[in-house]
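The values are calculated or read from the model by the stated rules, or taken from the named source; none is laboratory data. Everything quoted here is computed from the prediction, not taken from an experiment. All Cβ positions, glycine included, derive from the backbone under ideal geometry; neighbour counts span all protein chains shown.
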Ligand SMILES: [Fe+2]
Ligand SMILES: [Fe+2]
């Protein structure tokens, strides 16, 4: 019987009425008042502020296969829901709650936040090239959202912060898809040619979340390498804004994937070789796929039309080199700096890195 | 081991990609323009040309955007299967609902006036904490489900995909906002209340069956309840939570209704299958064994503001509204007549009784 008179009386009234009343005197962790941190200077009531008392204890191993909220009292009659990820090291990053709130605070709307009225005729070759790039961007956005979404049903409420953040990744993927579709269909052009999609297989096929994460790091890093050139590639303010906003989104995704993989590498160093195998696969597909229309379209933009494309190819090669460098840079942040030695031979060529066997001949 | 700084010494000229300009001469539809309207450049505005034509069937499991030229050479199968038949997943309103979702996103951190949460009597705070425990739990599954279906949506029917992606985001926010409310004002998380049909929604292997359970019946009931949130709320913060969440749920319900309508318009034979699903799901949600003990008790307690008899009275008021709105939605979708044909579960029929 609860000591508090108000609660005791409430319990009595419920019971008289035939209603369950167990919940009233369940041993709750009373007194958590996250609202106290919710000031405008603090960004309102951010999810980070909920992590107090038992509610902030993120377990190394989460034992419950139902959707029970972390910190609630279990109802043992509940059916199992088929989650498959119960290890903190498999998904965790301390950044998730913050990144989730950042994603919401930074939300944008492709209908209203892009200055579409700045689009102007840019000549047929350039329009074709922009539309070709837009087509490939849409494909990646679609794939990102679909493949991220697939992991939601695997992750239990024990790691709620991760799931909330992944929800924003799904939504960002949707926007990446549609903002570029809009660009392709808004300025006198149309869609270009779809990619071969082989490069996406490491994302769609991933059997483990770790594989999905490193494949995402690779694709996101390649993309960010491109988005960072937005200032140079954009033909109008509308495109400039698209590049900027997409870049911000993808940087958040990378912040999570990288921080998570760093966490995994520290917690489970024994998984290093396994992770390299995932990277071998991801890089192989990327290299084999080649993205030929992407780099040729970039050449047309950088060469200001098809006539200048051949000459612009040297600049495109430099951009592709930066992309691979960016990718290796992110892996170093994950404590996967040994990837430098093991990078796929084709990607070494893209990055202008000496073939591995040549490197081995150099006395260290 | 080659260190990062040593890499510089090993730097060669990067390989130059091959130049292939064949994509400059594609026969995709060309010369398409769109003007931003009152709400900017929405999906509706770019869907006016051939790119807006929805194929009745799609065999493309790749990510190729609708209307783009196919790639040259071999392509992989991206997923074991996609739901290529538009009747399986499409809704004429999906694009519009996605546009609306994007423009009506809100933040549980900054759009809820958390400073209006005053101290509540302990019984009321406990009841609200219990209700929010149950709701964060329900919303959690509501996000898993669209995530599960995403890889099965054909890129040719991307509007439905985009809608489901926006739903994943909305449900994340709902999971989050109810957890926030439970932990904001001293209450905490109370009893789990699994059951109530959550498993049935998650385990469905037919999109339309899933959608009629999740979007029409499940979220329909939730939306009717949230729209009466004024009856439950004790302060401006709680009122705002219910109001904003109800707005999101309206989109989810609308998707379900318009999807079912699309399906039945194009494949009337599917009606009986959906009836079966609803027979099962109505039975599940009224099954006493499936009842969520915390949810019902806390809800009634809050509705009556501690007066249990009054709570019951208002509960039946809510339930009646839930059932009436459910029947109306089925009517709009082209699946009317459950009440008249005696198919509606008797416990729901009983709720229609004014007394
Ligand atoms: Fe919801
Ligand atoms: Fe919903």
(request) Test residue B:235 against the stated conditions and say whether it is farther than 25 Å from residue B:200 by Cβ, within 14 Å of chain A (Cβ to nearest Cβ) and either modelled with pLDDT of 95 or more or within 13 Å of ligand 2 (Cβ to nearest atom) (or both). (result) yes
For residue A:61, the lone unmet condition from (1) farther than 25 Å from residue B:117 by Cβ; (2) facing chain B (nearest Cβ under 7 Å) is (2)
Counting only residues in region B:238-251 that are more than 19 Å from residue B:126 (Cα to Cα) and within 14 Å of chain A (Cβ to nearest Cβ), the one nearest to ligand 1 (Cβ to nearest atom) is identified as B:248
Restricting attention to region B:178-215, the residues that are facing another protein chain (nearest Cβ under 7 Å) and closer than 30 Å to residue B:86 by Cα number exactly 3
When residue B:258 is run through (1) away from ligand 1 (no atom under 16 Å from the Cβ); (2) at pLDDT 95 or above; (3) away from every other protein chain (no Cβ under 13 Å); (4) over 21 Å from residue B:83 (Cβ atoms), the failure sits at (4)
- Kindly indicate whether any position in region A:215-227 is buried (at least 23 other Cβ atoms within 10 Å of the Cβ), over 23 Å from residue A:315 (Cα atoms), at pLDDT 95 or above and touching a strand residue (DSSP E or B) at 6+ places or on another chain (Cβ under 9 Å). no
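Return yes when residue B:169 is more than 14 Å from ligand 1 (Cβ to nearest atom), under 10 Å from the mean Cα position of the chain (by Cα) and within 7 Å of chain A (Cβ to nearest Cβ) and no when it is not. Steps first, please.
On the way: more than 14 Å from ligand 1 (Cβ to nearest atom): no; under 10 Å from the mean Cα position of the chain (by Cα): yes; within 7 Å of chain A (Cβ to nearest Cβ): yes.
Spelling it out, it is not the case that residue B:169 is more than 14 Å from ligand 1 (Cβ to nearest atom), under 10 Å from the mean Cα position of the chain (by Cα) and within 7 Å of chain A (Cβ to nearest Cβ).
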Scanning region B:114-145 residue by residue, the ones that are within 16 Å of ligand 1 (Cβ to nearest atom) and in contact (Cβ under 8 Å) with a residue 40 or more places away in the chain total 12
Report task. Can you confirm whether region B:210-222 contains a residue that is surrounded by fewer than 24 Cβ atoms within 10 Å (Cβ to Cβ), within 25 Å of residue B:315 (Cα to Cα), modelled with pLDDT of 95 or more and within 14 Å of ligand 1 (Cβ to nearest atom)? Result -> yes
Considering region A:114-135, residues that are closer than 18 Å to residue A:241 by Cβ and within 8 Å of another protein chain (Cβ to nearest Cβ), and then whichever is farthest from the chain's Cα centre (by Cα), we arrive at A:117
Within region A:19-38, restricting to residues that are more than 8 Å from every other protein chain (Cβ to nearest Cβ) and at pLDDT below 90, the one that is nearest to residue B:306 (Cα to Cα) is A:25
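Yes or no: region B:266-284 includes at least one residue that is within 14 Å of another protein chain (Cβ to nearest Cβ), in contact (Cβ under 8 Å) with a residue 60 or more places away in the chain and surrounded by 18 or more Cβ atoms within 10 Å (Cβ to Cβ).
yes
Considering only region A:61-103, state which residues are within 23 Å of the chain's Cα centre (by Cα) and more than 25 Å from residue A:42 (Cα to Cα). Outline the logic, then answer.
First, the residues of region A:61-103 that are within 23 Å of the chain's Cα centre (by Cα): A:83-103.
If the condition is that a residue be within 23 Å of the chain's Cα centre (by Cα) and more than 25 Å from residue A:42 (Cα to Cα), then A:83, A:84, A:85, A:86, A:87, A:88, A:89, A:90, A:91 are the ones that fit.
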When region A:1-18 is checked residue by residue, the ones that are surrounded by fewer than 18 Cβ atoms within 10 Å (Cβ to Cβ), within 8 Å of chain B (Cβ to nearest Cβ) and not in a loop (DSSP other than H, G, I, E, B) are A:6, A:9, A:16
Checked A:90, A:48, A:101 against criteria (outside any loop (DSSP other than H, G, I, E, B), crowded, with 16+ Cβ neighbours inside 10 Å, in contact with a helix residue (DSSP H, G or I) (Cβ under 7 Å, 6 or more places away or on another chain) and more than 11 Å from chain B (Cβ to nearest Cβ)); the one match is A:90
Check: Is it the case that some residue within region A:308-328 is within 9 Å of chain B (Cβ to nearest Cβ) and at positive phi?
Finding: no
The number of residues in region A:184-195 that are touching a residue at least 60 places away in the same chain (Cβ under 8 Å) and more than 7 Å from chain B (Cβ to nearest Cβ) is 0
Of the residues in region B:151-166, those that are buried (at least 24 other Cβ atoms within 10 Å of the Cβ) and at the interface with another protein chain (Cβ under 8 Å from one of its Cβ atoms) number 8
Checked region B:285-337 for anything within 13 Å of chain A (Cβ to nearest Cβ) and not in a helix (DSSP H, G or I); matches are B:287, B:291, B:292, B:304, B:305, B:306, B:307
The number of residues in region B:88-108 that are at the interface with chain A (Cβ under 8 Å from one of its Cβ atoms) and in contact with a helix residue (DSSP H, G or I) (Cβ under 6 Å, 6 or more places away or on another chain) is 4
Of the candidates B:148, B:180, the one satisfying the condition of being in contact (Cβ under 8 Å) with a residue 24 or more places away in the chain, surrounded by fewer than 24 Cβ atoms within 10 Å (Cβ to Cβ) and either within 13 Å of ligand 1 (Cβ to nearest atom) or part of a helix (DSSP H, G or I) (or both) is B:148
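The rows are residues; the columns are (1) closer than 25 Å to residue B:106 by Cβ; (2) away from ligand 2 (no atom under 14 Å from the Cβ).
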{"residue": "B:135", "(1), (2)": "yes, no"}
{"residue": "B:139", "(1), (2)": "yes, no"}
{"residue": "B:162", "(1), (2)": "yes, yes"}
{"residue": "B:175", "(1), (2)": "yes, no"}
{"residue": "B:178", "(1), (2)": "yes, no"}
{"residue": "B:182", "(1), (2)": "yes, yes"}
{"residue": "B:187", "(1), (2)": "yes, yes"}
{"residue": "B:196", "(1), (2)": "no, yes"}
- [ ] Looking only at region B:109-132, decide whether some residue is within 7 Å of chain A (Cβ to nearest Cβ), surrounded by fewer than 22 Cβ atoms within 10 Å (Cβ to Cβ) and either within 30 Å of residue B:157 (Cα to Cα) or touching a strand residue (DSSP E or B) at 6+ places or on another chain (Cβ under 9 Å) (or both).
- [x] no
Taking region A:256-300 and keeping residues outside any helix (DSSP H, G or I) and closer than 20 Å to residue A:202 by Cα leaves A:290, A:291
Counted residues in region B:46-84 being in contact with a strand residue (DSSP E or B) (Cβ under 6 Å, 6 or more places away or on another chain) and not in a loop (DSSP other than H, G, I, E, B) come to 2
